[in-house]
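J.: I'd like to ask you about the structure that follows.
Read-outs throughout are calculated quantities, based only on the coordinates presented, and are distinct from any laboratory measurement. Bear in mind that the values here come from a model prediction, so they are computed numbers and not experimental data. Cβ placement follows ideal geometry from the backbone for every residue including glycine, while neighbour counts extend to all protein chains displayed.
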Amino acid sequence: MRTNVLSLENFTKICEFEKMGLKKDLAGVIPQDLLSYLPDGYEIIGNIAIISVPASLEAYFKDITKALLSRRPSLVTILNKISTIQGKERIAHYDPIFGKETITEVREFGFRYQLNVREVYFSTKMASERRRIHELINKRDTVFVPFAGVGPYAIPAATRGAEVYAIEISHHACAWMARNAIVNGASSNLHIIRGDALQAAYYLNKDFSRIIIPTPYGVLKSPDFFLDRLIQGGTAHWITFCNKAQINEYIEELSGDIYEVTYCHKSGNIAPSVFRWILDIKKKKTDRQ
Ligand SMILES: C[S@+](CC[C@H](N)C(=O)[O-])C[C@H]1O[C@@H](n2cnc3c(N)ncnc32)[C@H](O)[C@@H]1O
């Protein structure tokens, strides 16, 4: 028998596809006039599904649960997101509509991340970019990861043998990252620092060959702040949110005698015309080095 091997990109596309179609599953169960309030998509974090269903559909929570469970029988919890992602720690509020366990484990290209969705931010959307960055890292690298979360950039970097400094403001996220470092065998060369990454560039008396900046939405307009800490020949991976014209402006501003943008990738949108972008920014070597 032939085994079908999928590329990560194709797998990601299938997962996206799987997230669609909830409306179709529930047509005929939820009256047509209410169906438009049901989101077609939902997010899967480990064995937890997160959906945003308005109170007007409360009478149909059991049907929604049934539809989700028939798509994903392994789900242990379904959470209804009742607020936007808020605060410095970037967490939302949830009401359970099925089960109540909020601790889960996410598996991502061989790594395992344990977390409590009520306590910390985690998004699976950048998995293929995280893998790409992981593969670029080697043991001579010194890596700085501001806004490190539960470790999905820092831990893979540390397993490549690099010395990694991860800064995170949430004590919950720091605790989960420390746990995940042990789970993934990455604790010996991962330094977890609890604090404000926006001050870290001043008090960390150190330069890095690689800086991975998964910027929280709306926090940082430009990566300059961190780029000063890059050694010549080093690369920053900057994840940001903006429209196409703005990203082109940033690329133009950044490209010059000191830096060059070697990679630009658009990864989904979070609002009309607002996309998530990832740029690789290389600090050029000068003759003086
Ligand atoms: C969008 S970032 C990305 C997290 C993680 N790297 C990921 O991709 O899953 C959200 C994280 O940044 C942290 N954070 C927000 N502002 C911060 C700051 N000023 N300094 C350090 N961490 C911060 C939040 O606590 C949260 O864990």
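J.: Starting from the 7 Å offset along Cα-to-Cβ, what nm value, one decimal, do you get for the label separation of residue 248 and residue 203?
T.: 4.2 nm
J.: Right, here's the next one. Roughly what would the spin-label model give for residue 178 and residue 219, points 7 Å off Cα along C-beta, in nm?
T.: Placing both labels 7 Å along Cα→Cβ, they lie 2.0 nm apart.
J.: Next question, about the same structure. Starting from 0.36 nm per residue, how many nanometres of slack lie between residue 58 and residue 188 once their C-alpha separation is accounted for?
T.: Taking residue 58 through residue 188 to full extension adds about 42.0 nm, to one decimal.
J.: Let me ask you something else. Under the classification rounded if a/c is under 1.5, otherwise prolate if a/b is larger than b/c and oblate if not, where does the chain fall, given a ≥ b ≥ c as square roots of the Cα gyration tensor eigenvalues?
T.: prolate
J.: Also, I was wondering about something else. How about region 176-258: which trypsin sites (Lys or Arg not before Pro) there lie in a loop by DSSP and see at most 13 other Cβ atoms within 10 Å?
T.: Passing both the DSSP loop test and the Cβ count: 206, 221.
J.: Identify all lysines with a Cα-Cα distance to residue 284 below 20 Å; exclude those on the same chain that are fewer than 8 residues away in sequence.
T.: 206
J.: For the chain, what is the charge dipole size about the Cα centre, in debye to the nearest 20, if Lys and Arg each add +1 at the Cβ and Asp and Glu each add -1 at the Cβ?
T.: In debye, rounded to 20, the chain gives about 640.
J.: Which loop chymotrypsin sites (Phe, Trp or Tyr not before Pro) in region 191-289, with loop taken from DSSP, have no more than 16 other Cβ atoms within 10 angstrom of their Cβ?
T.: 217
J.: Filter the chymotrypsin sites (Phe, Trp or Tyr not before Pro) in region 21-85 to those in DSSP coil with at most 16 other Cβ atoms within 10 Å of their Cβ, and list the result.
T.: 37
J.: Calculate how many DSSP beta bridges within the chain are antiparallel, expressed in % of all such bridges and rounded to the nearest 5.
T.: So the antiparallel bridges in the chain amount to around 55 percent.
J.: Sticking with this structure for a sec: Quickly work out the residue 228-to-residue 107 label distance, labels modelled 7 Å from Cα along the C-beta direction, and quote it in nm with one decimal.
T.: Each label point is offset 7 Å from its Cα along the Cβ direction, giving 4.4 nm.
J.: Next question, about the same structure. Hey, in the GNM for the chain with a 10 angstrom Cα cutoff, which one of 161, 99, 41 fluctuates hardest?
T.: Comparing 161, 99, 41 in the GNM, the peak value goes to 99.
J.: Return the FRET efficiency for the residue pair residue 36, residue 95: r is the Cβ-Cβ distance, R0 is 22 Å, and the value is rounded to the nearest 0.05.
T.: In this case the efficiency is close to 0.55.
J.: While we're here: Please report the relative contact order for the chain, taking Cα pairs under 8 Å with a sequence separation of at least 6, and give it as a percent rounded to a whole number.
T.: Computed value for the chain: 10 percent relative contact order.
J.: To continue, here is another question. In percent, what relative contact order does region 125-283 have, based on Cα pairs under 8 Å that are 6 or more apart in sequence?
T.: 18 percent
J.: Which value, in debye to the nearest 20, gives the size of the charge dipole of region 125-283 about its Cα centre, when Lys and Arg are +1 and Asp and Glu are -1 at the Cβ?
T.: I would put it at about 600 debye.
J.: Need the list of aspartates and glutamates near residue 88 for cross-linking: C-alpha distance under 14 angstrom, and skip anything on the same chain fewer than eight residues off.
T.: Cα-Cα hits under 14 Å: 119, 168, 196.
J.: Rounded, prolate or oblate: which fits region 166-289, taking a ≥ b ≥ c as square roots of the Cα gyration tensor eigenvalues, rounded meaning a/c under 1.5, else prolate when a/b beats b/c?
T.: It is oblate, given that a/c is not under 1.5 and a/b is not larger than b/c.
J.: Hey, another quick one. Could you derive backbone 3J(HN,Hα) for region 70-77 from the dihedral phi with the Karplus parameters 6.51, -1.76 and 1.60 (θ = phi - 60°), listing whole Hz in sequence and x where the residue is Gly or Pro?
T.: 6, 7, 10, x, 7, 5, 9, 9
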